[in-house]
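As structure tokens, the structure follows; a few thoughts come after it.
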Amino acid sequence: MVVEIRGGFGMITRLNAMGIVPGKRIVKISSMIARGPITVEVDRVQIAIGFGMAKRIIITLDQ
Amino acid sequence: MRTILLVGNPNVGKSVLFSRLTGVRTTVSNYPGTTISYTRGFTKLGEEKLEIIDVPGTYTLEPTSAAEEIALKMLKNGNVIINVVNATNLERSLYLTLQLLEMDTPVVVALNMWDDTKHRGIDIDLEKLMMILGVPVVPTVALTGEGIKDLVESIPRASSPDGPVRSRDERWASIGTIIDQVQRIEHRHHTWLERVQDASVKPLTGGLIAIAILVLSFLVVRFIGESLIGYLLEPLFNRLWAPVVLWISTLMGGSGFLHDVVVGKLVGGEVNFVESFGLISSGLYVPLAMVLPYIFSFYLVLGLLEDVGYLPRLAVLMDTIMHWLGLHGYAIIPTLLGLGCNVPAVLSTRILESKRERFIASTLVSIAVPCAALQAMIFGLVGQRGGQYVVIVYGTLFAVWVILGIILNHSIKGFSPELLIEIPPYRIPPWRIVLQKMWMRIYGFLAEAIPIILGAIVVINMLYFFGVFNAIANLTAPVVSGLLGLPKEAITSLVIGFLRKDVALGMLAPLSLTAKQLVVASIVLAMFFPCIATFVVLLRELGVLNMCKAAGVMIATALITGGLLNLML
């Protein structure tokens with residue numbers, strides 16, 4: 001589950017608009033080597049997020 | 001006349017819907033950001049004529065890229081908004097819907113890709129959704145045309161419900177409530193397509209899939225292109241057209257200025273379609289028999305990759321490498337489009353967020369990404385001397401792309417933004433859509449290239465006739481011969497390269513160059529300066545100042561690379 005997005009206004013706007021909002025369930029599909037993008041699934045949509053941006057999305061794990 | 005805007009998230013099928021409504025053909029693909037500027041068309045509602053505008057996709061009314069800014073500006077001019085929503089991703093789409101409802105313009109919602117909801121186990125209560133939103137909601141399948149009529153008929157019922165402007169959190173909270181009430185999802189097992197989908201963004205399997213797809217694409221493009229030339233077009237021109245050309249040549253007296261413009265110079269009493277340079281010899285042979293087959297095969301393969309939805313996955317895999325060049329993974333899309341034609345490639349840099357990225361991407365494309373027409377000629381002419389020379393040309397261009405990218409990244413202030421893209425599901429595209437798009441692109445090539453090629457041939461003959469080329473050749477001889485090791489006449493090809501690069505490369509054929517000289521000349525021609533069509537778009541997209549900077553980079557890089565190759569080979 002997404003807990004918090006630690007970023008500037010612009011970054012939060014963009015992530016929110018794509019459905020990455022605190023409280024949403026988010027599933028990591030894959031991560032690319034060498035600090036490449038992380039692919040996640042939110043609301044049955046896959047989204048690729050650059051490493052630096054993904055690092056600032058704070059989540060908690062399901063039990 | 002009322003103006004209807006098609007507004008929605010990227011890649012929900014707005015352009016397909018637009019084509020259905022207006023009959024105007026547009027480029028559609030399976031990746032976000034295919035439409036980078038608006039297209040307009042017309043449709044009829046009873047007796048009333050309506051103007052329909054296809055607006056680039058946007059996730060929010062708070063713009064984050066150049067294409068989204070265009071979308072926002074368009075909104076002010078609309079009388080009615082058709083909000084196109086992906087029915088399989090209602091949650092995400094509703095955010096924009098709620099924002100649109102807060103505005104004063106009446107809205108109709110089109111729930112597109114409605115057919116997909118059934119086999120994905122998604123059930124949406126239409127009545128309830130309509131009641132909650134307070135506007136008409138029409139299920140549509142733009143690909144087949146289902147629901148289009150209902151959609152048009154619902155336009156008079158479009159409304160703008162009264163409601164307060166809400167904050168972001170309030171909107172998300174209300175989306176949660178709406179979804180709970182109208183949508184039920186059955187759990188489904190992964191299909192094989194979904195498994196391939198996941199595998200193609202994982203490092204190991206994704207890398208292997210990427211290599212396999214790129215190698216296969218290259219082989220298919222070559223195979224189809226070569227076969228069309230070898231078995232169809234070459235025999236056609238040599239057996240059927242050559243006698244006609246010879247007959248016209250005799251009619252025109254066999255020599256003279258007019259004869260040379262129309263038929264070209266005969267080589268040993270025969271027509272040489274590559275070297276003659278007349279309107280009805282090279283003027284038809286170059287575009288139709290050398291370039292067109294590759295345009296056909298390239299756009300067939302590119303269209304398939306686009307419509308299946310592979311390109312965003314390639315962007316994920318290439319992201320780290322593209323960051324070295326000051327770009328992010330999505331810049332792979334302008335780069336691949338550039339292998340077809342640099343003009344749409346430069347236009348598509350609008351999907352990138354910053355001016356800096358757009359400058360780097362456009363400059364790199366126009367220097368180091370040869371268009372299909374030029375590549376066809378490289379295969380045709382350089383390939384004759386041996387495959388290794390083609391490899392040198394491509395290897396050099398690729399090395400320049402990487403090295404120049406790294407240099408630009410370090411010398412231009414700023415940083416490269418992070419990748420953030422939606423990855424669409426794989427779709428098996430209907431052949432009709434793939435072929436339709438290919439036809440549009442081939443028609444575009446024929447309509448734009450042939451007049452310029454024929455014009456270029458007249459210009460070439462006139463410049464030769466009046467001795468202008470000789471004057472230029474003598475003037476530039478120190479650079480062309482001294483630095484690049486080419487005969488001074490090769491400058492004619494670089495000059496004509498401003499008109500069309502395929503014809504320009506063809507001009508090198510009669511110069512009896514060595515293989516090494518041909519390699520150097522092809523590379524310098526590819527990099528030196530964009531053709532006029534690309535030049536115009538670059539000027540418009542970058543502005544005069546940045547265009548001058550880009551041109552400086554191009555000329556310098558071309559001369560340095562050409563000079564080095566001349567010393568090394």
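The values are calculated or read from the model by the stated rules, or taken from the named source; none is laboratory data. Bear in mind the structure is a predicted one, so any value in this text is a computation, not a measurement. With ideal geometry, Cβ positions are generated from the backbone for all residues, glycine too; neighbour counts draw on all protein chains shown. Calculation scope for accessible area: heavy atoms of the full protein, side chains included, ligands and nucleic acids excluded. Shrake-Rupley method; radii C 1.70, N 1.55, O 1.52, S 1.80 Å.
When the Kirkwood radius is taken over all Cα pairs of chain A, what Stokes-Einstein diffusion coefficient follows at 10 °C and 1.306 mPa s, in µm²/s?
For the chosen part, D equals 135 µm²/s.
Give me the distance in nm between label points sitting 7 Å out from Cα along the Cα-to-Cβ direction at B:Asp180 and A:Arg6, one decimal.
Reported label-point gap for B:Asp180 and A:Arg6 is 3.1 nm.
How far apart, in nm, are two points set 7 Å out from the Cα along the Cα-to-Cβ line at B:Ile406 and at B:Arg222?
According to this spin-label approximation, the distance is 2.8 nm.
Taking chain B as the reference, fit the longest principal axis to its C-alpha atoms, fit the long axis of helix B:203-227 to the helix C-alpha atoms, and give the angle between the two in degrees, 0 to 90, nearest 10.
50 degrees
Applying the Karplus parametrisation 6.51 cos²θ - 1.76 cosθ + 1.60 with θ = phi - 60° to the phi angles of region B:345-357, what ³J(HN,Hα) value in whole Hz is obtained for each residue in order, glycine and proline being reported as x?
Per residue, the Karplus-derived 3J(HN,Hα) values read 5, 5, 4, 6, 5, 5, 6, 7, 6, 9, 4, 4, 4 Hz.
State the volume of the convex hull built on the alpha-carbon positions of region B:180-336, expressed per residue in Å³ and rounded to an integer. Can you show the working numbers first?
Values: hull volume 35.2 nm³, N = 157.
That works out to 224 Å³ per residue.
Using label points projected 7 Å from each Cα along Cα→Cβ, tell me how many nm separate B:Leu511 and B:Met131, to one decimal.
7.7 nm
Once you keep just the Cα pairs under 8 angstrom separated by 6 or more residues, what percentage relative contact order results for region B:1-130?
On the way: 240 pairs, mean separation 35.9, N = 130.
Taking the mean separation of contacting Cα pairs over the length of region B:1-130, I get 28 percent.
At a Förster radius of 45 Å, what calculated FRET efficiency corresponds to the Cβ-Cβ distance of B:Thr144 and B:Glu270, to the nearest 0.05?
Calculated transfer efficiency: 0.25.
What is the distance in Å between the Cα centroid of region B:548-569 and that of region B:262-330?
The two parts, judged by their Cα centres, are 23 Å apart.
Rounded to two decimal places and with Rh computed the Kirkwood way over Cα pairs, what is Rg over Rh for the protein assembly as shown?
1.02
Normalised radius of gyration for region B:444-550, please: alpha carbon Rg relative to 2.2 N^0.38 Å, two decimal places. Walk me through the numbers before you get to the answer.
Values: Rg = 14.6 Å, N = 107, 2.2 N^0.38 = 13.0 Å.
In units of the globular-protein estimate, region B:444-550 measures up at 1.12.
Just to be sure I understand the curve: with the Debye formula and one point per C-alpha of region B:161-269, what is log10 I(q)/I(0) at q = 0.10, 0.12 Å⁻¹?
-0.69, -0.77
Excluding ligands and nucleic acids, what accessible area in Å² is computed for B:Leu204 using a 1.4 Å probe, to the nearest 10?
Its accessible surface works out to 130 Å², give or take rounding.
Can you give the FRET efficiency for B:Met252 and B:Val468, using 1/(1 + (r/R0)^6), R0 = 25 Å, r = Cβ-Cβ distance, to the nearest 0.05?
After rounding, the FRET efficiency stands at 0.55.
How big is region B:300-395 on each of its three principal axes, counting only the C-alpha atoms and giving the largest first in Å?
43, 29, 24
May I ask for the distance between the Cα centers of region B:87-137 and region B:348-421, given as a whole number of Å?
41 Å
Within 10 Å of each Cβ in B:408-421, how many Cβ atoms from other chains are there, averaged over the peptide?
4
How many Cβ atoms of partner chains, on average, are near each residue of B:56-63 if near means within 10 Å of its Cβ? Walk me through the intermediate numbers first.
Details: counts 0, 0, 1, 7, 5, 1, 6, 1.
Taking the mean over all residues of the peptide, I get 3.
Tell me, what ³J(HN,Hα) does each residue in region A:33-50 have, in order and in whole Hz, if you take phi through Karplus 6.51 cos²θ - 1.76 cosθ + 1.60 with θ = phi - 60° and put x for Gly and Pro?
The phi angles translate into 5, 6, 6, x, x, 9, 9, 10, 10, 10, 6, 6, 10, 8, 10, 9, 10, x Hz.
Which trypsin sites (Lys or Arg not before Pro) does region A:20-53 hold that lie in a coil by DSSP with at most 11 other beta carbons within 10 Å?
Passing both the DSSP loop test and the Cβ count: A:Arg25.
Cross-link candidates for B:Lys549: which lysines have Cα within less than 28 Å, leaving aside residues fewer than 8 places away along the same chain?
Qualifying lysines at Cα under 28 Å: B:Lys355, B:Lys413, B:Lys488, B:Lys501.
For A:33-41, what's the mean count of beta carbons from other chains sitting within 10 Å of each residue's beta carbon?
Average neighbour count from other chains, rounded to a whole number: 6.
Full-extension gain between B:Ser167 and B:Arg25, please, as 0.36 nm times their residue separation minus the C-alpha to C-alpha distance.
Residue separation times 0.36 nm, minus the Cα-Cα distance, leaves 47.3 nm.
Would you grab the residues whose amide H sits under 5 Å from the one on B:Val84? Only those 5+ places off in sequence or on another chain, please, with H modelled 1.01 Å from N.
B:Val7, B:Gly8, B:Ala110
When ranked by the protection proxy of mean other Cβ atoms within 10 Å per residue, highest first, what sequence do the peptides B:452-465, B:269-282, B:247-260 form?
B:269-282, B:452-465, B:247-260
Between Rg and the Kirkwood Rh of region B:365-449, both from Cα atoms, what is the Rg to Rh ratio?
In region B:365-449, Rg relative to Rh is 1.09.
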